[in-house]
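**Student:** Quick one: structure below, then a few questions.
Nothing in this text is a laboratory measurement; each read-out follows from the coordinates by a stated rule. The structure presented is a predicted model; accordingly, all values stated were derived computationally and were not measured. Cβ sites come from the backbone with ideal geometry, for glycine too, and all protein chains shown count toward neighbours.
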Amino acid sequence: MERGASNGMNESGIELDTPAMKSFLLIPLTAALALASAGCSNAPAETAAAEADLKPSVKRNAAPDFVLTDADGRKVKLSDYKGKVVLLNFWATWCGPCKLEIPWFVEFEKAYRDKGFAVLGVSMDEEGWEIVKPYIQDKQVNYRVMVATEEVAQKYGGVEALPTTFMIDREGKIASTHIGLVGKKDYENEIAQLLR
């Protein structure tokens, strides 16, 4: 008797359409989704962006200023962006969740830049520009990207998980902090609230 897909078996004679096989196939998928949502570290994904944090009445801390160099060799000073809403994203080329977010950030930069919004990317890649420049060119990143220094990472709490993203209001204060992958719609809602 020939075995085939018609009787639920593959060419090796393994029955494919069983609850056990379906469970077996779901395990790697579930694990991959959990890793993607947690970010690129052992730290759990978390969002410190309660709705109350986005209300102007909540006391916010000033975002630490820094000066870094972008891919074109120009100095980028965070305080120069005061008056704009800034999405400050710490990321790396090897970080899976970061790769998911970058196209969103490209869209946000295009959609909101004329409304007083900017995305700033800070790469945590140890190899620096050698790996970052080809990556941002390949992905057609349309916002300013810099390579982090240890000093800047420490100013932002050590950045122990990637991605780590800070939403900064027009006053230069941190409105919310996201550690790990956050939904695109969540970012869009925050941007809309902060641009009001």
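**Student:** Suppose the filter is in contact with a Gly (Cβ under 8 Å, 6 or more places away or on another chain), of a type in the set (A, V, I, L, M, F, W, C) and on the phi < 0 side of the Ramachandran plot; does residue 141 pass it?
**Tutor:** Here the answer is yes, as residue 141 does meet what is asked.
**Student:** What tally of residues in region 96-133 results from selecting those that are closer than 21 Å to residue 192 by Cα, small (Gly, Ala, Ser) and surrounded by fewer than 22 Cβ atoms within 10 Å (Cβ to Cβ)?
**Tutor:** Residues that pass the stated criteria total 3.
**Student:** Please go through region 62-95 and pick out each residue that is part of a strand (DSSP E or B) and either among the acidic types (Asp, Glu) or crowded, with 21+ Cβ neighbours inside 10 Å (or both).
**Tutor:** Within region 62-95, 70, 85, 86, 87, 88, 89, 90, 91 meet the criteria.
**Student:** Just the residues that are in contact with a helix residue (DSSP H, G or I) (Cβ under 8 Å, 6 or more places away or on another chain) and either more than 19 Å from residue 187 (Cα to Cα) or β-branched (Val, Ile, Thr) (or both), please, taken from region 109-164.
**Tutor:** 119, 122, 123, 124, 125, 139, 140, 141, 145, 147, 159
**Student:** Exactly one condition in (1) in contact (Cβ under 8 Å) with a residue 12 or more places away in the chain; (2) assigned to a loop (DSSP other than H, G, I, E, B) is false for residue 108; which is it?
**Tutor:** (2)
**Student:** Then there's this: What's the total number of residues in region 145-195 that are loosely packed, with under 15 Cβ neighbours inside 10 Å and either over 16 Å from residue 87 (Cβ atoms) or polar (S, T, N, Q) (or both)?
**Tutor:** Qualifying residue count, region 145-195: 8.
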